[in-house]
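Working notes, structure below.
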Amino acid sequence: MPDSTRKKIVLLGATGSIGSNTLRVLREHPDRLTLAGVSARSNYRALAEICTEFKVPHAVLTDPQAYQKAQAEKVFDGNTQLACGAEALSGLAGLPEADTVLIAVVGACGLQPTLAAIEAGKDIALANKEALVLGGAFVIERARAKGVRILPTDSEHNAIFQCLEGHSPAQVERIILTASGGPFRETPLTDFAKVRPADAVRHPNWSMGHKISVDSSTMANKGLELIEAHWLFGLPPEQLQVVIHPQSIAHSFVQFIDGSILAQMSPPSMTFPIQHCLLYPERAPSVEPTLNFQEAFQLEFSPPDPQRFPCLELAYQALRNGGGAPAVFNAANEIAVERFLKDELPYLAIPKLIDAALEQLATTAVPNIDALLALDSEARVLGREFKL
Ligand code: NDP
Ligand code: MG
């Protein structure tokens, strides 16, 4: 198949969970999609294997030690040009020949490459929610100014995007994000003090990276997604709701002013939204089996319990406060999760750390990216020094 007929994809975070689901989609559609560039932080062997399998011309490792090892061990074959560092990552996001850039790195490090892809005028498939939570105002403003399309890859936002197509914003009453409720949906509250990292990363429906799995267990993930939805769809917190849906089949709802509600449904696998974004606006057969209505299954919905999931209310608070508050929420959560996963902090400290950061740090409007990154760093210092 000639390359000119295939969409050229740059995949940032190729070695992660979204990355590996993206590779499944690419394997299924070699006639439509090709990989122009990939990145990882330090997992150089896995990145080299991807480059060999997909004959990827450009790769970036952001960790300098991993880059040196990769060079010394000559794990990349001669067909791949390997570069190193955060600037190279932004360079890859703006790769001239790329059509769509899928941002699937984890954490705030997604912001700069997202902005670089926007400046280069690329279509962006955005899985990295932290970029929008941290710098949503700047990302959306720059994307508008450059006329760049942001295709939401997070399953809930992808669902909303699909439900909104063909409707005007004035017709929308509210958006309802579904949440699985994570592994502790029914755990007695008295057992929360005993939760260990291995328990929190065990998600009932989705297989994901460690950070987002912990976020799902606390529902900080849904909090980040509320803020993400605010920026993507331009709605205030009063028009954003969350409902627990343990089966993770209805990926979110849009309720219109006439009371009609549209949902997007598919099995709980990220290959569905990833494929939707990469092929958009085309559609093609899915990588995996689709929903089978010849077998009985149930869909349940219930409101989230604020006592069980305090991170959700903290996210609403950050969104209502505006200014730098969402950035503080994001940074404080990242540090809290990092310290919990290292066994430095107990599980119940996660909301306490976020609360303390939101209390202590200024939440006035942030004038530019430098001020935003300074606030992000300040929240991280506070998070690292936090004691119960
Ligand atoms: P993983 O932890 O599985 O993968 C993260 C990827 O990013 C890896 O390729 C990793 O490289 C790379 N990476 C990690 N840290 C850095 C860094 N500091 N600089 C550059 N690259 C880095 O994460 P997920 O795939 O689970 O999640 C990716 C993003 O997508 C997150 O923002 C998450 O919130 C979002 N998301 C994920 C979903 C999922 O199902 N997993 C669903 C919806 C959204 P290396 O392997 O070398 O460490
Ligand atoms: Mg999601």
Against the rule of thumb 2.2 N^0.38 Å, how large the Cα Rg of segment 135-218 comes out:
1.48
Other-chain or far-sequence residues with amide H under 5 Å of LEU35's (modelled H):
ILE9
Report the relative contact order of segment 1-124, percent, no decimals, based on alpha-carbon pairs under 8 angstrom and at least 6 residues apart.
28 percent
Among bridges DSSP assigns within the chain, what percent are antiparallel (round to 5)?
25 percent
P(r) for segment 27-77: what percent of alpha-carbon pairs falls in each 5 Å bin, starting at zero?
5, 22, 30, 22, 11, 6, 4, 0
Relative contact order [Cα under 8 Å, 6+ residues apart], segment 140-260, whole percent:
43 percent
Checked against a 23 Å limit on the C-alpha separation, the offending pairs among LYS122/LYS211; LYS194/LYS342; LYS8/LYS55; LYS69/LYS129; LYS8/LYS222; LYS74/LYS211 are LYS122/LYS211; LYS69/LYS129; LYS8/LYS222; LYS74/LYS211
Please give the net charge around ASP258, taking every other residue with its beta carbon less than 15 angstrom from that of ASP258, where Lys and Arg add +1 and Asp and Glu add -1.
0
I'm a student and want to see the number: the projected area of the Cα convex hull of segment 1-50, averaged over all directions, in nm².
3.3 nm²
Which whole-number percent is the relative contact order of the chain (Cα, under 8 Å, 6+ apart)?
14 percent
What list of ³J(HN,Hα) values in whole Hz, one per residue of segment 218-224 in order, does the Karplus curve 6.51 cos²θ - 1.76 cosθ + 1.60 (θ = phi - 60°) give from phi, with Gly and Pro shown as x?
8, 6, 4, 4, 5, x, 4
Going residue by residue through segment 143-160, the Karplus relation 6.51 cos²θ - 1.76 cosθ + 1.60 with θ = phi - 60° gives ³J(HN,Hα) values, rounded to whole Hz and with x marking Gly or Pro, of 5, 5, 4, 8, x, 8, 8, 9, 9, x, 9, 3, 4, 5, 6, 5, 4, 4
Within segment 164-200, DSSP-loop GluC sites (Glu not before Pro) with at most 16 other C-beta atoms within 10 Å are GLU165, GLU186
For every other residue with a beta carbon closer than 15 angstrom to the beta carbon of ALA14, add +1 if it is Lys or Arg and -1 if Asp or Glu, then tell me the sum.
+3
Taking neighbour counts of Cβ atoms within 10 Å as a proxy for exposure, in what order, fewest first, do LEU278, LEU358 appear?
LEU358, LEU278
Compute from the Cα atoms of segment 235-388 the Rg and the Dmax, the latter being the longest Cα-Cα distance, and quote both in angstrom.
19.5, 55
Hey, got the dipole for segment 1-132? About the Cα centre, +1 on K and R Cβ, -1 on D and E Cβ, debye to the nearest 20?
200 debye
Non-local residues with an amide H under 5 Å from the amide H of ALA120, with H modelled 1.01 Å from N and Pro and chain starts lacking one, are none
Which ³J(HN,Hα) values in Hz, rounded to whole numbers, follow from the phi angles of segment 367-373 under the Karplus curve 6.51 cos²θ - 1.76 cosθ + 1.60, where θ = phi - 60° and Gly and Pro get x?
x, 8, 4, 4, 5, 5, 5
Segment 252-310: radius of gyration over Cα atoms, expressed as a fraction of 2.2 N^0.38 Å
1.50
Using just the C-alpha positions of segment 82-226 as equal point scatterers, what log10 of I(q)/I(0) does the Debye formula give at each q in 0.13 1/Å?
-0.68
Proxy exposure order for MET219, MET265 (fewest C-beta within 10 Å first) is MET265, MET219
Of the GluC sites (Glu not before Pro) in segment 40-149, those whose Cβ has at most 11 other Cβ within 10 Å and which sit in DSSP loop
GLU97
Just rank THR363, THR153, THR290, fewest to most, by other beta-carbon atoms within 10 angstrom.
THR290, THR363, THR153
Helix-only [θ]222 nm of the chain, DSSP H runs n ≥ 4, -39500 (n - 2.57) each, per residue, nearest 500:
-13500 deg cm²/dmol
If you place +1 on the Cβ of every Lys and Arg, -1 on the Cβ of every Asp and Glu, and leave all else neutral, what size is the dipole of segment 60-132 about its Cα centre, to the nearest 20 Debye?
160 debye
Those trypsin sites (Lys or Arg not before Pro) from segment 285-387 that are DSSP loop and have at most 11 other Cβ neighbours within 10 Å turn out to be LYS342, LYS387
Calculate, in whole percent, how much of the Cα-Cα pair population of the chain lies beyond 35 Å.
23 percent
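Coordinate-derived values only; no laboratory data. In this text, all values refer to a predicted model and were calculated from it rather than measured experimentally. Glycine also receives a Cβ, built like all others from the backbone with ideal geometry; neighbour counts cover every protein chain displayed.
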